[in-house]
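Undergrad: The following block contains the structure, expressed as structure tokens.
The values are calculated or read from the model by the stated rules, or taken from the named source; none is laboratory data. Since the model is a prediction, treat every value here as computed from it, not as a measurement. For neighbour counting, all protein chains shown are included, and Cβ atoms are generated from backbone atoms with ideal geometry for every residue, glycine included.
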Ligand code: NAP
Ligand code: GLV
């Protein structure tokens, strides 16, 4: 009997199991750690399992990441490399991420942190405001999520540029790629948004050297992974004025320690890794459609390139 192994350290597994069972009653769900007979596990829906666990299931056909990011799976040195990994590409998540980017880019562009500070002091003072057409927003990562956010920002009239690993041509977006494209991309980026997957190449990518390439007073938003930025370098850049504000949804480690400097820093906005916002129902529906089609002999959708790491 084929079964699906479900693992989530964050959420109510019973609620997920019931929804899976409702949508596909012929695929029993085993909630980690009660996997039952390991030979029966053909699919995994995994949010963040200890390394070394998945290799125990000899008949795994595919592992569905509980997120768009698959770094939690690929960091397992014993991951059974022949088993395809599928990432979430989900309309609600794309909308949630796009909304987060639009919200925080607009908030920074329209100088809301400075106006909030003025309000606390009862100060009525206009701050010079450039138009969106004079503001350059740069997205690191132009994939399913970064690409959608870039398009939305272009529609709002911003000068949008993006940086990816491979060359791209996108309407209304100035595209840069590869290591050589990074400095020219950063040089004019006033609001930098990180939407990269976490890989060996992107770990620590937002560091003092890269920050120094930005125009003075730039802003930074990270909604990808906390390991992509270097905390000490961000704080130093805020102190020197190289960065004027940053908005972070992701941290390493998570949750952010209660005594971390970010919480009270006047130039930092913290949100608790909730930028992507999709319902269980939608994620389960898309996962099961993919499984159904795969069982009927079709190709898996949204399979990651494990060599590239995303
Ligand atoms: P994706 O579709 O795989 O796109 C990744 C993008 O990054 C691609 O454009 C890729 O370039 C680019 N890239 C990868 N490595 C690069 C490198 N070394 N140099 C330059 N560009 C590189 O990923 P996605 O679905 O958009 O998701 C992005 C990330 O968002 C996820 O991995 C996850 O960590 C994060 N996320 C966070 C939340 C949250 O709630 N905060 C929610 C969902 C996702 P190519 O186009 O050339 O391949
Ligand atoms: C969330 O961080 C995800 O990768 O979906």
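Undergrad: Among 34, 18, 12, which is the only one that is over 28 Å from the mean Cα position of the chain (by Cα) and either closer than 18 Å to residue 83 by Cβ or free of Cβ contacts under 8 Å to residues at least 24 places away in the same chain (or both)?
TA: Just one listed residue meets the conditions, 34.
Undergrad: Please tell me if residue 123 is in contact with a strand residue (DSSP E or B) (Cβ under 8 Å, 6 or more places away or on another chain) and either part of a loop (DSSP other than H, G, I, E, B) or within 24 Å of residue 206 (Cα to Cα) (or both).
TA: Criteria not met by residue 123.
Undergrad: OK, next. Looking only at the stretch 63-82, count every residue that is under 19 Å from residue 36 (Cβ atoms) and buried (at least 19 other Cβ atoms within 10 Å of the Cβ) and tell me the total.
TA: Selection size over the stretch 63-82: 2.
Undergrad: Further question: Of all residues in the stretch 26-44, which are buried (at least 18 other Cβ atoms within 10 Å of the Cβ) and within 20 Å of residue 289 (Cα to Cα)?
TA: Scanning the stretch 26-44 gives 27, 29, 30, 41, 42, 43, 44.
Undergrad: Scan the stretch 87-101 and give yes if some residue there is over 30 Å from residue 267 (Cβ atoms), surrounded by fewer than 18 Cβ atoms within 10 Å (Cβ to Cβ) and either touching a strand residue (DSSP E or B) at 6+ places or on another chain (Cβ under 9 Å) or modelled with pLDDT under 95 (or both), otherwise no.
TA: Taking the stretch 87-101 and keeping what is over 30 Å from residue 267 (Cβ atoms), we get 87-92.
Retained after the next criterion (residues that are surrounded by fewer than 18 Cβ atoms within 10 Å (Cβ to Cβ)): 89, 91-92.
Pick out the ones that are also either touching a strand residue (DSSP E or B) at 6+ places or on another chain (Cβ under 9 Å) or modelled with pLDDT under 95 (or both) and you get none.
Scanning the stretch 87-101, I find no residue that is over 30 Å from residue 267 (Cβ atoms), surrounded by fewer than 18 Cβ atoms within 10 Å (Cβ to Cβ) and either touching a strand residue (DSSP E or B) at 6+ places or on another chain (Cβ under 9 Å) or modelled with pLDDT under 95 (or both), so the answer is no.
Undergrad: Next up: Given 250, 206, 270, which one is within 16 Å of ligand 2 (Cβ to nearest atom), modelled with pLDDT of 95 or more and surrounded by 21 or more Cβ atoms within 10 Å (Cβ to Cβ)?
TA: Answer to the selection: 250.
Undergrad: Continuing with this model, one more query. Among all residue pairs at least 6 apart or on different chains, which show Cβ distances below 8 Å where the first residue, located in the stretch 256-268, is within 19 Å of residue 219 (Cβ to Cβ) and the second is assigned to a loop (DSSP other than H, G, I, E, B)?
TA: Listed by first residue and then by second, the contacts come to 262/251; 262/256; 263/256.
Undergrad: Can you give me the number of residues within the stretch 254-265 that are more than 14 Å from ligand 2 (Cβ to nearest atom) and loosely packed, with under 11 Cβ neighbours inside 10 Å?
TA: Step one: of the stretch 254-265, the residues more than 14 Å from ligand 2 (Cβ to nearest atom) are 256-265.
This time we only want the ones that are loosely packed, with under 11 Cβ neighbours inside 10 Å, so: 258-259, 264.
Here the count works out to 3.
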